[in-house]
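Asker: Please find one structure pasted underneath; my questions will follow.
The values are calculated or read from the model by the stated rules, or taken from the named source; none is laboratory data. This one's a predicted model, so the numbers in the text were calculated from it and none came from an experiment. Ideal geometry is used to build each Cβ from the backbone, glycine not excepted, and the neighbour counts take in all protein chains shown.
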Amino acid sequence: MRTLLYQGFILTNLDGKTDSWRLTIADEVRIGSLFELRRQVAFYQELGVLPPVKDYPAPTTSSSKRKPGHPPKGRKKQLG
């Protein structure tokens with residue numbers, strides 16, 4: 001199963017086919033390609049008839065999950 005977050009709306013694809021994405025808005029379920037569903041979201045936003053979307057927090061980027069005193073992994077500089 002693939003899940004895609006597009007402008008606050010969740011698109012899911014259970015079958016893995018390009019034209020079987022599912023968009024759920026309130027009680028309505030739409031199935032189609034990503035292109036079609038993105039167009040529908042944009043159209044409904046222009047009309048102003050969409051319910052408020054859930055605000056998803058941005059993922060935090062913590063690059064340091066190592067114990068103190070251990071150097072980070074990475075490429076070593078070559079001398080010479």
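Asker: Assess whether residue 75 counts as being on the phi < 0 side of the Ramachandran plot and at pLDDT 80 or above. Talk me through it step by step, then tell me what you get.
Answerer: On the way: on the phi < 0 side of the Ramachandran plot: yes; at pLDDT 80 or above: no.
Criteria not met by residue 75.
Asker: Residues in the range 1-33 that are within 18 Å of residue 45 (Cα to Cα), not in a strand (DSSP E or B) and not small (Gly, Ala, Ser): how many?
Answerer: 2
Asker: If I ask for residues that are exposed (fewer than 10 other Cβ atoms within 10 Å of the Cβ) and either in contact with a Phe, Trp or Tyr (Cβ under 6 Å, 6 or more places away or on another chain) or not in a helix (DSSP H, G or I) (or both), which ones from the range 40-50 would you list? Before the answer, list the steps.
Answerer: In the first step, residues of the range 40-50 are kept if they are exposed (fewer than 10 other Cβ atoms within 10 Å of the Cβ); the result is 46-49.
Those that are exposed (fewer than 10 other Cβ atoms within 10 Å of the Cβ) and either in contact with a Phe, Trp or Tyr (Cβ under 6 Å, 6 or more places away or on another chain) or not in a helix (DSSP H, G or I) (or both): 48, 49.
Asker: Same structure, new question: When the residues of the range 7-39 are filtered to those that are aromatic (Phe, Trp, Tyr) and surrounded by 12 or more Cβ atoms within 10 Å (Cβ to Cβ), which remaining residue is farthest from residue 50 (Cα to Cα)? Write out each step before concluding.
Answerer: Initially, the range 7-39 is screened for residues aromatic (Phe, Trp, Tyr), giving 9, 21, 35.
Next, from what is left, pick out any that are surrounded by 12 or more Cβ atoms within 10 Å (Cβ to Cβ): 9, 21.
On the way: 9: 10, 21: 19 Å.
Ranking the qualifying residues of the range 7-39, first place goes to 21.
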